[in-house]
Every structure is written in structure tokens, then in C-alpha cells.
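Derivation of every value follows stated rules applied to the coordinates shown; laboratory data play no part. Here the structure is a predicted model, which means the values were calculated and not measured. Virtual Cβ from ideal backbone geometry, glycine too; neighbours counted across all protein chains shown.
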Amino acid sequence: MKKVVILASGNGSNAQNIADYFGNKPNFTISAIFSNKQDAYVLERAKRLNIPSVAFNRSDLYFTQNVFNQLHTLNPDLIILAGFLWLIPENIIQAYTNRIINIHPALLPKYGGKGMYGMRVHESVIDHHEKTSGITIHLVNENYDEGDILFQAKCTISPKETPESLAKKIHALEYEHFPRVIAEYLEKLV
């Protein structure tokens, strides 16, 4: 049985999509959903899905071993960042080398890095008159959005594209590809 832990900061639509996908797979389980926001809707989603949840704060992640110890107890095969906006600390990166995956709403290496998330990414892509955008699913290292790329999918940007319409296209790509890429990567892990 392969175990996954999801870290999310907000609404949790990708976490929900991943949970729905893995609900049909007997060899996989989501052990917990962690959030760095006490009031994040993803925690309500976890409750509805009967997935244990953990809410934590900055101190729990960066200045104590609380989050690290909880992850260690769960012993996940893979940690998934699904809209999680904080940099993962070095102790977790080292303990789970090549076992932390993130999704970014643009085609890295462009439009990544600290502060590049959500609508900011889509606005920047449109402001730079890009012809395409997409998603990048990548491994996580000690820097924002710089880990090895596992998968990219593209969409066309129309001349009248808005950040909101581009966000819809990106979400569709995320929902279509993220769970599948996670499952394929899990299958390869020993």
C-alpha cells in the first residue's frame, strides 16, 4: 500500500481531485491532509472525505519538529503540495528526497519562484504576451519551483485571454493530469 500526504493552503480543489482519483485505487491511500491555515477550506474537504487532517502554523514547520515528526509517524511514500505556498524546510527535503511533488500553474522555468502563485502567475503570463501557458509537475527541492520537472501540459492563450479565463484552462489541466502523474510516480517508487 502506497501512502500519500497532501499539504495545501487554501480551497483544496486539487486535494479533492486527488482524493477522488485515489478513492478508486486499492493500492494507494491518502494518510492525511496538512494545512498551514486553520480556516482553510481544504480542512473541511478532508473532514467530508474522512481523511485525517492536521492544521499547523509557521512555528510548527520552521522552528520546531512538530510537522516533521507528524510526517515521520505517517511515513508517507510521497508528499504532495497541492496549492501549498510555503517553502519546505531542509529537514523535510532531506528526509523525503525525490518524494515531494508540487504543481505549478505555468510552464517552468518561466513564471516561478517566491511570490509566483495563483492569479499573479496568470497575470504575468498574459502581461508578457505569451502564446502558451500550462502546468508543471515537479519534484521539490530547497528552492521555489526549481526541482526536476516530471511533466508539463500546455494550453493556448487567446488574444483576448484574461487571468480568470486562463486560470480556468490551467485548473482543467491540473485536474486532468496531476492525479495520474502522482500515481505513475508512486508506481515507480521502490
ASP20 to LYS154: extension gain in nm, 0.36 nm per residue of separation minus the Cα-Cα distance?
-> 45.9 nm
Would you calculate, for the chain, the mean residue ellipticity at 222 nm contributed by helices, counting each DSSP H stretch of 4 or more residues as -39,500 (n - 2.57) and dividing by all residues, to the nearest 500?
-> -11500 deg cm²/dmol
Take the Cα of ASN75, step 7 Å along the line toward its Cβ, and report every residue of segment 1-39 whose backbone nitrogen sits under 19 Å from that point.
-> 1-6, 27-33
Pairs beyond 28 Å (Cα-Cα), from LYS2/LYS168; LYS110/LYS160; LYS47/LYS154 | LYS2/LYS168; LYS47/LYS154
Highest mean packing first, using Cβ neighbours within 10 angstrom, the peptides 17-26, 4-13 sort as 4-13, 17-26
Mean separation of Cα contacts under 8 Å, 6 or more apart, over the residue count of segment 1-108: relative contact order % | 32 percent
Over the alpha-carbon set of segment 85-143, divide Rg by the Kirkwood Rh and report the Rg/Rh ratio to two decimals.
-> 1.03
Neighbour net charge for HIS122 - beta-carbon separation under 12 angstrom, K R +1, D E -1 | -2
Excluding same-chain residues fewer than 8 positions from LYS114, which aspartates and glutamates have a Cα within less than 20 Å of its Cα?
-> GLU90, GLU123, ASP127, GLU142, ASP145, GLU146, ASP148
Please give the residues of segment 58-82, grouped as numeric ranges, whose backbone N is less than 18 Å from a label point set 7 Å along the Cα-to-Cβ vector of MET1.
-> 71-79
How high is the relative contact order of the chain, given as a whole-number percent (alpha carbon pairs under 8 Å, six or more residues apart)?
-> 19 percent
What relative contact order, as a whole-number percentage, does segment 81-190 give when Cα pairs under 8 Å and 6 or more residues apart are counted?
-> 26 percent
Using 7 Å Cα-to-Cβ label points, what is the GLU176/HIS128 separation (nm, one decimal)?
-> 2.3 nm
Restricting to the chain, what percent of DSSP beta bridges are antiparallel, rounded to 5?
-> 40 percent
Looking at the chain, which longest stretch skips every one of the trypsin sites (Lys or Arg not before Pro) that is in a DSSP loop with at most 11 other Cβ atoms within 10 Å, leaving the sites themselves out?
-> 1-113
